[in-house]
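The values are calculated or read from the model by the stated rules, or taken from the named source; none is laboratory data. What you are looking at is a predicted structure, and each value in this text was computed from that prediction instead of being measured. When we count neighbours, we look across all protein chains shown, and the Cβ atoms used for this are built from the backbone with ideal geometry, even at glycine. Side chains included, ligands, DNA and RNA excluded: accessible areas come from the protein's heavy atoms. Shrake-Rupley method; radii C 1.70, N 1.55, O 1.52, S 1.80 Å.
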Amino acid sequence: MIRLSVVLLAAALPATADTPRSAIPWLSESLAVEPDPPETRPPPPRPLDEIEVTPLSAPVRDGAGILPPATTGLPADLWQTSPAAEIARAIREHPQGGVPSTRELFRTLLLAETTPPGDVEGSAHLLARIDRLLRDGRLEEAEALIEAAGIGSASLFRRAFDVGLLTDRSEAACRALAASPSLSPTLPARIFCLARDGDWAAAELTLGVGREVGAFGASEDALLARFLDPVLYEDQPPPPLPIPLTTLDFVLRDAVALPRPPEPLPLAFLHLDIAPGQPLKTRITAAERLVRSGAVPSVSLLAAYRSGVPAASGGIWDRAAAIRRLDLAWETGSASEMAAAVLDADLIFSASGLRPVVAEAAAPLLRRMEPGTLALETRRRGGELLLLTRDWTWATLYLGATGDGLIQFLSALAQPGADLPAGPELPPIAAAAARGLTRADPPSERAAEIDARLTGGAYGLALLDALALLAAGTEVDPGDFETGLWLLRRAGLPDWARRIAIETTLLVPDA
């Protein structure tokens, strides 16, 4: 049976050694990394689009999503009248950044179930959305979107396989590959799946066949051989880092403890580092970066902080210790200890750009205390943290009658329909928010231009333009901030505008 499988694999390979199919990029293609030079990794012998294996309707699949219009509040035809190529380019080039709600609204656009662009061919719009989710490290959402669309082509399979590798859930992809080998024309993927299933003999035979027909470059051959028999290569120098570093390269190298690239890893690769079995520092460091970027929820980082005892002081260890003090204060039930722990944790996390994380951890303690019995500073900070968790009711209880104009402004933001106070005592960013949330006329020529696209049929593209103005987060220019919030209101998204206004105001350092 093994011999027959190898013969079939060999028959599927190209007849010449100068066009190995192992050259097809994986996630690195999605991340827009430059491909290897031709002499190192020649291009595939034919376009991937020629390897479609099911006759699914491309337009139907291209509009696939996991969030229906009733959930998103977005029109189903938000992309329909815009050119598919322009949409894909706008999604790829959209800046990474913004406060949590800005990122979340962009994520909602990517996951929305919509009518696809009228001129779409193949799955360009769908693939652009999946690739952007992968680039942003949102593996769970990318996986869900692929499942909603159905793996009907080699291009979708490659992305599903990448997600499986990076979440340690490659079983389904390997089963699909075994059932339909044409989904992936690369032998390294098949070798990995054979080894993962424990069929090491078949994996080694497949590697041998690949060598005979020139399916691998020298570095790829060396990596696969080391993966299949790491003991044999213990005293050998590590193979050089491939460029680009694909998902499979990364997973194989990590499996045999080879050095990682010196530069920061793509966000998607960090998911392997937040698994429970990883060293505590590795897990926390990766989780902090993923949470800052919005790739995973705060609960993932809180779980990492709580998974071990801080090994030192400073940096990540101070933050882990602050979360442990919150947990201890909860257990004691002492209002004074809870208040002290919340204030301490808020100061530590605000300085590191992770205030939304401490807000999630502190919210249960804040809801357990009586606001009227607390000191003014505790009430103010407690109310701000509750605003960041969108617990408007408790936030209003904490912020009521605490004094200054900024707090009154934030308290009004937590009450849709309430008048927003304005005055010279508001800091520039809050004053810009007040204008953007109340004015009727366009605040700038740019605002008028985007508004014309918004109401002229290019809703999705115009909304991306509005979010791009807000992508600088707490460093946003006040004029861009005012324009972005005004446009969100014009797009019928006033609640999103208020949430972004609250978070931007509260996440400015030393707010």
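Quick look at the numbers
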read-out	value
Leading residue at positive end of dipole, the chain (Cβ point charges), from A179, W79, L302	L302
Label-to-label distance, nm, for residues given as E171 and L343 (7 Å Cα→Cβ offset)	5.1 nm
Heavy-atom accessible surface of region 190-326: percent carbon and sulfur, 1.4 Å	58 percent
Unit charges at the beta carbon, dipole of region 402-511: most positive-side option, W496, A471, A430	W496
Hz values of 3J(HN,Hα) by residue in region 100-106 - Karplus curve (6.51, -1.76, 1.60), Gly and Pro given as x	x, 5, 5, 5, 5, 5, 4
Neighbour net charge for A84 - beta-carbon separation under 11 angstrom, K R +1, D E -1	-3
Gain on full stretching of the segment that runs from E360 to E86 - 0.36 nm per residue minus C-alpha separation	94.8 nm
Range in the chain, longest, excluding exposed GluC sites (Glu not before Pro) [loop by DSSP; at most 14 other beta-carbon atoms within 10 Å]	235-424
Cα→Cβ-extended label distance, 7 Å offset, between A179 and L376, nm	6.7 nm
Global geometry of region 408-511, whether rounded, prolate or oblate, following the gyration tensor of its Cα atoms and the 1.5 cut on a/c	prolate
Extension gain from S307 to T438, taking 0.36 nm per residue of separation minus the Cα-Cα distance	42.6 nm
Karplus (6.51, -1.76, 1.60) ³J(HN,Hα), θ = phi - 60°, over region 331-339, in Hz, Gly and Pro reported as x	5, 6, x, 7, 4, 5, 5, 5, 4
Expected 222 nm ellipticity per residue - DSSP helices of 4 or more, -39500 (n - 2.57), all of the chain, to 500	-17000 deg cm²/dmol
Probe 1.4 Å, protein heavy atoms only - accessible area per residue of the chain in square angstrom	43 Å²
